[in-house]
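The values are calculated or read from the model by the stated rules, or taken from the named source; none is laboratory data. Predicted, not measured: the structure shown is a model, and the values here were computed from it. Cβ atoms come from the backbone with ideal geometry, glycine included; neighbour counts cover every protein chain shown. Each accessible area value is taken on the protein alone, full model and side chains, heavy atoms only, with ligands, DNA and RNA left out. Shrake-Rupley method; radii C 1.70, N 1.55, O 1.52, S 1.80 Å.
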Amino acid sequence: MVSAKIDMRLFSGIATSPGIAVGRLRVVDRQSLTVEDYSVEHDSINSEIERLRTAIDQTRTELEAIRTRLAEDTGSDHLIFIETHLLIMSDDRLFSESAAIIESSLINAEGALRRTLLKYREYFAGIEDAYLRERISDIEAVIERILLTLTGQVHGPISAEHGRTIVVAHDLTPPDILQMEKEGIIGMVTEAGGRTTHAAILARAFRLPAVAGIDDVADPAYDNAPAILDGISGRLIVYPGQATFRRYLKLKQRYENDELALLTSAALPPVTLDGHRLELRGNVEAPEEGQFVLSHGGEGVGLYRTEMLFMNRQEMPEEEEQYRIYSAMQQAVFPHPLTIRTLDAGGDKLLAGTRLNVEQNPAMGVRAIRLALAMPDEFKKQLRAILRVSANGATRIMFPMISGLEELRRARALLDEAQRELAAAKIPFDRAIQVGIMVEIPSAVTIADLLAKEADFFSVGTNDLIQYSLAIDRSNEHLAAMYQPLHPAVLRSLRQVVGAAHKAGIPACICGEMAGDPFFLPILLGLGFDELSMNASTIPRVKQMVRRCSRERAKEIADACFSFATADEIEEFLKTQIAIHFPTGRK
Ligand code: PEP
Ligand code: MG
């Protein structure tokens with residue numbers, strides 16, 4: 001038999017998480033659900049009702065299987081949302097009301113389910129209690145799942161069926177990545193997204209090689225195809241030829257050896273050639289990452305994204321649970337400081353169940369501090385948990401997406417209330433806890449001098465600051481080239497923030513992805529940032545760059561950048577400077 005030779009295919013995209021994965025592709029459909037309503041004949045009523053019954057039973061069986069699988073993974077917090085969905089399914093009204101609609105309106109099971117959902121939506125919209133009103137999202141999620149079963153569209157968990165699995169999808173959400181990590185998946189490719197989406201940030205945290213922005217790659221024809229994913233140069237090679245395969249095995253080995261070598265020097269102090277010390281800290285999402293920050297040479301945590309604790313579940317975590325989890329993180333990084341950012345949900349970090357609550361413009365919607373201030377009781381639970389943790393070691397608190405002083409004052413007022421409540425209950429906390437803000441909205445840059453008088457530190461979130469300054473959606477793959485950290489407007493903003501902070505005598509930190517790229521180090525050091533916080537895996541490379549730089553030289557480079565008018569010119573200049581002065585820098 002003559003076997004047909006399949007041609008190698010090369011795709012180029014945006015490298016979002018470094019590393020090389022060699023395995024097989026698993027194409028998953030994460031597109032939106034398509035459902036059609038149609039009328040049925042009178043004598044088809046019984047068979048339509050039977051379809052509905054079967055779909056509900058099958059969906060329940062699937063959910064039970066997921067619950068069993070997650071339960072085996074001890075300590076998982078994901079069970080609550082499955083339990084809630086199973087509870088809704090155990091109520092037979094969903095079936096009986098939809099069956100009655102099939103009978104009375106002569107429509108198919110899908111249409112009937114959607115009408116039942118409309119009825120529930122109307123009913124829930126009239127509930128006064130905001131929390132109970134929100135529970136409609138659980139019912140929406142359950143009905144969506146049944147509709148998927150009815151229409152034969154699979155949207156289940158992503159599993160590593162073929163062993164060394166590289167997942168390919170149109171888009172992936174942070175909960176998808178959390179779940180993929182548990183499955184041992186080795187890489188991910190998406191059509192959508194860019195370097196600073198939360199899915200990409202999580203992929204880096206889990207050291208999962210990833211490439212985004214490849215058009216039309218989530219084609220079922222590639223399912224199970226052998227492939228190489230190069231998260232360093234942003235390539236996907238499907239059906240690699242033998243020579244390519246061998247070359248990549250070598251590259252993978254070299255990359256892993258380099259990483260190991262860097263790790264051995266990670267413990268050296270982050271001091272420049274002219275003796276200036278820069279604080280290098282880690283950005284973390286999950287408690288197990290604390291240890292990882294220290295082993296990569298970070299001295300504490302500059303950004304703990306607590307929202308991951310609120311995702312993949314329907315109930316908000318109670319104060320006790322939050323305290324337990326924040327304490328674990330603190331112990332992991334002790335005696336170094338832990339900077340806890342309060343809930344920054346919304347945008348591309350939707351809480352479970354809110355997926356169907358579509359906002360016209362989520363990046364500018366009810367997110368981050370706005371969401372927290374809209375639910376003061378839940379917010380105070382988090383503040384109390386953080387305050388309690390502060391009694392046991394250096395802890396800083398940080399509010400996300402502050403746009404003006406009103407928000408900062410309202411957040412501080414709730415913090416004061418939380419402090420009074422703890423004091424009344426004689427529960428210890430650090431009364432001098434440092435309270436900082438994320439500077440990531442252009443208005444905060446413009447009034448940085450005013451904010452600096454009422455904040456104990458600034459931490460610049462360049463991921464959002466670039467997005468809002470340039471009006472470029474950070475997750476839009478078609479605009480990735482225009483998402484420019486070196487845009488003169490961004491550099492001027494950074495200079496303004498550092499200037500305002502230092503004038504007020506407070507430290508200027510930076511915790512956006514820019515901080516983790518050694519290429520930008522000379523500029524950030526030269527502008528005068530005191531602390532850089534980044535994905536732990538990038539600390540060794542950035543530290544190596546710090547140790548090669550002198551602050552004086554970095555200042556000259558940063559100053560000179562302001563004489564150029566475009567990001568491209570600045571990038572060219574920086575490349576040349578790095579090649580001359582710090583030869584092994586990236587690019
Ligand atoms: C940022 O915006 O730069 C940041 C660090 O926060 P996040 O990426 O979580 O929005
Ligand atoms: Mg942000």
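Taking the criterion of being of a type in the set (Phe, Trp, Tyr), away from ligand 2 (no atom under 16 Å from the Cβ) and out of contact with any Asp or Glu (no Cβ under 7 Å at 6 or more places or on another chain), would at least one residue in segment 216-230 satisfy it?
So far as segment 216-230 goes, yes, one or more of its residues are of a type in the set (Phe, Trp, Tyr), away from ligand 2 (no atom under 16 Å from the Cβ) and out of contact with any Asp or Glu (no Cβ under 7 Å at 6 or more places or on another chain).
Just one of (1) more than 16 Å from ligand 1 (Cβ to nearest atom); (2) open to solvent by 10 Å² or more (accessible area, probe 1.4 Å); (3) under 25 Å from the mean Cα position of the chain (by Cα) trips up residue 363, so point out which.
The number of the failed condition is (1).
Every residue in segment 20-34 that is touching a strand residue (DSSP E or B) at 6+ places or on another chain (Cβ under 8 Å) and at pLDDT below 70, please.
The answer is 30, and nothing else.
Given (1) closer than 30 Å to residue 550 by Cβ; (2) crowded, with 19+ Cβ neighbours inside 10 Å, identify the lone condition not met by residue 310.
(1)
What single numbered condition from (1) under 21 Å from residue 201 (Cβ atoms); (2) buried (at least 20 other Cβ atoms within 10 Å of the Cβ); (3) within 13 Å of ligand 1 (Cβ to nearest atom) fails to hold for residue 469?
Every listed condition holds for residue 469 apart from (2).
Would you confirm whether or not segment 427-440 contains a residue that is touching a Leu at 6+ places or on another chain (Cβ under 6 Å), more than 16 Å from ligand 2 (Cβ to nearest atom) and over 16 Å from residue 303 (Cβ atoms)?
Yes, segment 427-440 contains a residue that is touching a Leu at 6+ places or on another chain (Cβ under 6 Å), more than 16 Å from ligand 2 (Cβ to nearest atom) and over 16 Å from residue 303 (Cβ atoms).
Anything in segment 498-530 that is in contact (Cβ under 8 Å) with a residue 24 or more places away in the chain and in a loop (DSSP other than H, G, I, E, B)? List them, or say none.
506, 507, 511, 512, 517, 528, 529, 530
What pairs come up if the first residue lies in segment 363-382 and is not assigned by TED's automatic domain parsing to the domain that holds residue 340, the second is open to solvent by less than 40 Å² (accessible area, probe 1.4 Å) and in a helix (DSSP H, G or I), and their beta carbons are under 9 Å apart, counting only those six or more places apart or on different chains?
Filtered contacts from segment 363-382: no entries.
With 437, 472 as the choices, which residue is in contact (Cβ under 8 Å) with a residue 24 or more places away in the chain and in the same structural domain as residue 369 (by TED's automatic domain parsing)?
437
Modelled with pLDDT under 95 and either more than 14 Å from ligand 2 (Cβ to nearest atom) or within 24 Å of the chain's Cα centre (by Cα) (or both): does that describe residue 465?
Here the answer is no, as residue 465 does not meet what is asked.
Out of 494, 486, report the one residue that is in contact (Cβ under 8 Å) with a residue 60 or more places away in the chain and within 22 Å of residue 519 (Cβ to Cβ).
None of the other options fit; the residue is 486.
Residues that are in contact with a strand residue (DSSP E or B) (Cβ under 7 Å, 6 or more places away or on another chain), at pLDDT 80 or above, more than 23 Å from residue 371 (Cα to Cα) and not hydroxyl-bearing (Ser, Thr, Tyr): does segment 144-159 have at least one?
no
What's the number of the only condition in (1) crowded, with 19+ Cβ neighbours inside 10 Å; (2) in contact with a helix residue (DSSP H, G or I) (Cβ under 6 Å, 6 or more places away or on another chain) that residue 276 fails to meet?
Here residue 276 meets the rest and fails (1).
Which residue out of 522, 507 is at pLDDT 95 or above, closer than 15 Å to residue 303 by Cα and more than 16 Å from ligand 2 (Cβ to nearest atom)?
507
Tell me which strands (runs of 3 or more DSSP E) are completely within segment 198-311 and hold 2 or more residues being in the same structural domain as residue 368 (by TED's automatic domain parsing), or say none if there are none.
279-284, 301-305
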